[in-house]
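Inspection log for the structure reproduced underneath, given as structure tokens.
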Amino acid sequence: MKSDRNDPQEFGARVLPPGYVLDRSKPLSAQIYRVVRDAIVTMQLHPMDVIFERALAETLGISRTPVREALLQLAREELVLIAAQSGTFVAPVRREQFMESALIRRVLETASIRRAAEIISFNEIEQLRTIQDAHRRAITRGDAVAAIIHDNAFHSTVSRAAHLPKVSQLIDLVRAPIDRVRHITVRDPVVGEMTLSQHQNVLDALASHDPDAAERALQAHLDEAFQRQQKEFDARIGLFDGTESID
């Protein structure tokens, strides 16, 4: 780790989006949970970076209680490590955790897409086409963060079209280790174009209400992505286990 990544005076600026303001009419801990989770998943915060609970509370102008509640939830999701004697840290991405997340995601999304192909509505197909267009624009302008957001929105919309809300929630939770790898490594526009093509195959199968074709298209997409991400993870394992850092 580099010491300048662990400056409490800079912590709020690294975690909070520019101009971020809490909505005092809504639960504070849920908002803090979301903004810190986003900073971890998008790798604004790297594995083993210190999380300054007091600095974050002071920046937001609140007590430490809702911050602590948010961090406890993140610890339950294995995104934060809370050590009683040494502090709170961003959790590393363990290789076995990454591998297990990819496996769970594949099983759940495969089951979901077969059901989605049978019952997906015209409006949901149009939503997927709109997301596909936004994803393409993000890749064209070289916005990797937006591309990942649209990529995830595509998969989430497919899962929701199966009308299995608990499965959709599980997929969103389990995807976190995968997304942490992607936000460091996905910068190649060729990969972006490949993803768009694979998503189009999924979309075409869904529009045809063909469960077998949809399952094949999704599995081909997830398997190719996993093989690529696994290589990228192994090439940067020091970053993901917290023994090295980049700026």
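Of all residues in segment 64-96, those being under 21 Å from V21 (Cβ atoms) and either among the charged types (D, E, K, R) or at pLDDT below 95 (or both) number 3. Among the residues in segment 15-32, are any closer than 28 Å to I237 by Cβ, of a type in the set (K, R) and open to solvent by 20 Å² or more (accessible area, probe 1.4 Å)? Within segment 15-32, none of the residues are closer than 28 Å to I237 by Cβ, of a type in the set (K, R) and open to solvent by 20 Å² or more (accessible area, probe 1.4 Å).
I62 meets each of the listed conditions (1) open to solvent by less than 40 Å² (accessible area, probe 1.4 Å); (2) β-branched (V, I, T); (3) under 30 Å from S208 (Cα atoms) apart from (3). Put simply, of R180, R160 the only residue that is farther than 18 Å from E126 by Cα and either open to solvent by 60 Å² or more (accessible area, probe 1.4 Å) or under 11 Å from the mean Cα position of the chain (by Cα) (or both) is R180.
Suppose we keep only residues that are open to solvent by 20 Å² or more (accessible area, probe 1.4 Å) and of a type in the set (D, E) within segment 83-118. Which one would you say is farthest from P165 (Cα to Cα)? Across segment 83-118, the extreme among qualifying residues is E96.
Each row is one residue, and each column tells you yes or no for (1) under 30 Å from T243 (Cα atoms); (2) more than 15 Å from the chain's Cα centre (by Cα).
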{"site": "R76", "(1), (2)": "yes, yes"}
{"site": "A84", "(1), (2)": "yes, yes"}
{"site": "A91", "(1), (2)": "yes, no"}
{"site": "A102", "(1), (2)": "yes, no"}
{"site": "R105", "(1), (2)": "yes, no"}
{"site": "Q127", "(1), (2)": "no, yes"}
{"site": "A146", "(1), (2)": "yes, no"}
{"site": "I149", "(1), (2)": "yes, no"}
{"site": "Q169", "(1), (2)": "no, no"}
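Checking each residue in segment 159-179 for being part of a helix (DSSP H, G or I) and either in contact with a Ser or Thr (Cβ under 8 Å, 6 or more places away or on another chain) or farther than 19 Å from R106 by Cα (or both) picks out S159, R160, A161, V167, S168, I171, D172, V174, A176, P177, I178, D179. V36 meets all of the listed conditions (1) at pLDDT 95 or above; (2) of a type in the set (V, I, T); (3) open to solvent by 70 Å² or more (accessible area, probe 1.4 Å) but one, namely (3). Might you check whether a residue that is within 30 Å of R95 (Cα to Cα), open to solvent by less than 90 Å² (accessible area, probe 1.4 Å), outside any helix (DSSP H, G or I) and of a type in the set (G, A, S) occurs anywhere in segment 138-151? Yes.
The helices (runs of 4 or more DSSP H) falling completely within segment 187-241 include none with 2 or more residues that are farther than 30 Å from F122 by Cβ, free of Cβ contacts under 8 Å to residues at least 40 places away in the same chain and open to solvent by less than 40 Å² (accessible area, probe 1.4 Å).
Is at least one residue of segment 167-175 without any contact (Cβ under 8 Å) to a residue 12 or more places away in the chain, loosely packed, with under 15 Cβ neighbours inside 10 Å and within 28 Å of E77 (Cα to Cα)? Scanning segment 167-175 turns up at least one residue that is without any contact (Cβ under 8 Å) to a residue 12 or more places away in the chain, loosely packed, with under 15 Cβ neighbours inside 10 Å and within 28 Å of E77 (Cα to Cα). Is it fair to say V80 is surrounded by 14 or more Cβ atoms within 10 Å (Cβ to Cβ), in contact with a His (Cβ under 8 Å, 6 or more places away or on another chain) and farther than 23 Å from F154 by Cβ? No, not satisfied.
The values are calculated or read from the model by the stated rules, or taken from the named source; none is laboratory data. All values reported here derive from a predicted model rather than from experimental measurement. Cβ: placed from backbone, ideal geometry, glycine included. Neighbour counts: every protein chain shown. Quick note on the areas: whole protein, heavy atoms, side chains included, nothing else; ligands and nucleic acids left out. Shrake-Rupley method; radii C 1.70, N 1.55, O 1.52, S 1.80 Å.
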